[in-house]
Amino acid sequence: MEELIQTIVDGVAIGSLYGALALAVVLIFRSTGIVNFAQGEMAMFSTFVAWGLLQADVPLGLAVVMTLGIAFLGGMAIERILIRPVEGSDPLTMAVVTLGLFILLNSAAGWIWGFETRSFPSIFPDDSVQLAGADVAVESLGIVALLLAVVGLLYLLFQRTKIGLAVRAVSVNPESSRLSGISVGRTLMIGWGIAAMVGALAGILIAPRLFLDVNFMGGVLIYSFAAATLGGFDSPFGAVVGGWVIGVTENLASTYVDFIGSDLKILVPLTVILAVLLIRPSGLFGSHEVARA
Amino acid sequence: MSLLEVSDLEAGYGDVTVLRGVSFAVEEGQVAAIFGPNGAGKTTTLKAVSGVLRQRGRVTFAGKSIAGASPERVARMGIAHVPEGRGTFAELTVEDNLRIGGYRRRDGEGMRQDMERCFEYFPQLAERRRQRAGNLSGGEQQMLAVARGLMLRPRLLMLDEPSLGLAPVLTKEVFGILGTIAGEEGMTVLLVEQNARLALGLADYAYVLEAGCIVLSGEAKQMKEEQAVQQTYLGF
């Protein structure tokens, strides 16, 4: 029983991390129709920035805040410089551009920070609390709480602020947004900035559980894509729920199904992606078009 | 001086030229209509004025040149372009659609008042204010599009075929409300319409566009009497 509770809570925690990165992927997909394969590498790069700040003796809390700010600016710069010229072109072109960005960021990080494996400190205390008779890491609970806070903040941002209204307007109908005086380019820049920031947070939270190197987000991206696919690629809510389902399933499978263990864990997200695409391509919460012509 | 002055306007899509030197003017406080057959360049004219399409020629709005300006700048200068197909934000609520219409404004209180005024003009929208705009009927979406344009508190409201795809009774309703808005608020309107009878019913001044050229212009009242117009466009 204890083992089951631990497995599930830990699954929800790691699922929250997949969900956070999936959220970043979904934010960009919704507003631009681009599947950003470089989302994981953007998060990796940001995490290295945080690591660099820590090496320069910046306190952890401040380093995290600074990194989020830098990620926001970096995301905006990526949109302006690399994405803007191909925005609105066919999906294949845009996919190739984000793959190029993937390689660019991966190589740049290796060039700047090297290819060695580093350790990254957790922002949560290394402690555990009792939950229904099981020992649960504070980190796990903290990650879940933080993800929920991020989702809440994003909801307020999109539903209650003017800039959020602009982001929603542009994602639904850019042409008509322009006619209402909304600057589409600037709005998309902000969207990329927000997504990069959410991704950076995911990277900073994941790094302590794995090791920090230039490829550490590669696997996580696959889990996040599975989460986003399961949730329905255009649903932020779906991304989070999808992340939880994937995280818990993965943990249960590797704990209780003998032949899966930790080596075949990666089968779980791939199976989910395949199953969703076969059975329900729009995912659990994805939208079917409801517009009336 | 006219509020909008367009001269020698040329525009098209890729290599295809649609407008071949179109000139017209819209006077402050009046309704101007451009009508003509399908493919004459009516929609293209509005797109060229609002900056959606690249154009050559002079476009002056309130004394300032807006030729080459981006659509968002043209909107900020006070031109609301209600596009063909209505430009509905289908997945957003009716209220959010109206908020987007007033996006460039900073007077929150004035916007709330204008929104209520739109709901007075279009009571159907008030009943569905929190519903997704994509679920509205075609007529309601047309009303929403006009209301969205009004939310900009424009100096010039440009309407692209408000009758398109509407049942005659709904068309009559929409045009009735447009007449009220133009009359009560003294709104300056540039209307593009295939249905000449509707256009002439609402307009003070009218232009006939054929194959990318203005072939006829005059007071709407006189235009109705003109034999050529009657035969070609009013079906007498």
Subset of region B:160-185 that is among the polar types (S, T, N, Q) and assigned to a helix (DSSP H, G or I) - its residue that is surrounded by the most Cβ atoms within 10 Å (Cβ to Cβ): B:THR171
Screening A:ILE78, A:ILE103 for residues that are in a helix (DSSP H, G or I), modelled with pLDDT of 90 or more, more than 14 Å from every other protein chain (Cβ to nearest Cβ) and loosely packed, with under 15 Cβ neighbours inside 10 Å leaves only A:ILE103
Given the structure, is A:THR229 part of a helix (DSSP H, G or I), more than 14 Å from chain B (Cβ to nearest Cβ), over 23 Å from A:ASN36 (Cα atoms) and among the polar types (S, T, N, Q)? no
Residues of region B:54-67 being among the β-branched types (Val, Ile, Thr) and surrounded by 18 or more Cβ atoms within 10 Å (Cβ to Cβ), in sequence order, are B:VAL59, B:ILE66
Filter result for A:SER89 (among the polar types (S, T, N, Q) and either surrounded by 14 or more Cβ atoms within 10 Å (Cβ to Cβ) or within 14 Å of chain B (Cβ to nearest Cβ) (or both)): no
Filter region A:142-173 down to residues that are assigned to a helix (DSSP H, G or I), more than 10 Å from chain B (Cβ to nearest Cβ) and not small (Gly, Ala, Ser), then give me how many there are. 16
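Conditions tested, residue by residue: (1) crowded, with 22+ Cβ neighbours inside 10 Å; (2) more than 8 Å from chain A (Cβ to nearest Cβ); (3) not in a strand (DSSP E or B).
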site	(1), (2), (3)
B:VAL52	no, no, yes
B:ALA69	no, yes, yes
B:ALA75	yes, no, yes
B:ARG86	yes, yes, yes
B:LEU98	yes, yes, yes
Region A:109-141 - residue that is without any contact (Cβ under 8 Å) to a residue 60 or more places away in the chain and assigned to a loop (DSSP other than H, G, I, E, B) and, of those, nearest to A:GLY203 (Cα to Cα): A:PHE124
Can you name the residue in region A:141-180 that is out of contact with any strand residue (DSSP E or B) (no Cβ under 9 Å at 6 or more places or on another chain) and hydroxyl-bearing (Ser, Thr, Tyr) and is also modelled with the lowest pLDDT among such residues? A:SER171
Among residues of region B:156-197 being in contact (Cβ under 8 Å) with a residue 12 or more places away in the chain and among the acidic types (Asp, Glu), the residue farthest from B:GLU27 (Cα to Cα) is B:GLU173
Candidates B:ILE66, B:ILE79 - the one that is touching a Pro at 6+ places or on another chain (Cβ under 9 Å) and closer than 21 Å to B:MET187 by Cβ: B:ILE79
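Yes/no matrix, rows are residues, columns are (1) more than 16 Å from the chain's Cα centre (by Cα); (2) charged (D, E, K, R):
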position	(1), (2)
B:PHE122	yes, no
B:ARG130	yes, yes
B:GLU140	yes, yes
B:ALA145	no, no
B:ARG155	no, yes
B:ASP160	no, yes
B:PHE175	no, no
B:GLU184	yes, yes
B:MET187	no, no
Within the group B:GLY57, B:GLY85, B:GLY68, B:GLY41, which residue is closer than 17 Å to B:GLY134 by Cβ and not aliphatic (A, V, I, L, M)? B:GLY85
In region A:143-167, anything farther than 16 Å from A:VAL198 by Cα and of a type outside the set (A, V, I, L, M, F, W, C) is listed as A:GLN159, A:ARG160, A:THR161, A:LYS162
Test A:LEU221 against the stated conditions and say whether it is closer than 22 Å to A:PHE102 by Cβ, assigned to a loop (DSSP other than H, G, I, E, B) and either among the hydrophobic types (A, V, I, L, M, F, W, C) or away from chain B (no Cβ under 14 Å) (or both). no
Inspect region B:31-44 for any residue being surrounded by fewer than 16 Cβ atoms within 10 Å (Cβ to Cβ) and assigned to a strand (DSSP E or B) and give the result as yes or no. no
Only residues in region B:19-48 that are on the phi > 0 side of the Ramachandran plot count as the first member; pair them with residues that are among the polar types (S, T, N, Q), Cβ under 9 angstrom, at least 6 apart or cross-chain, and list the lot. B:GLY21/B:SER7; B:GLY29/B:THR188; B:GLY36/B:GLN194
In the list A:LEU4, A:LEU27, which residue meets the criterion of being touching a Phe, Trp or Tyr at 6+ places or on another chain (Cβ under 9 Å), loosely packed, with under 15 Cβ neighbours inside 10 Å and assigned to a helix (DSSP H, G or I)? A:LEU4
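The values are calculated or read from the model by the stated rules, or taken from the named source; none is laboratory data. If you're wondering where the values come from, they're calculated on a predicted model, not measured in any experiment. Quick reminder, even Gly has a Cβ in these numbers, built from the backbone with ideal geometry, and neighbours come from all protein chains shown.
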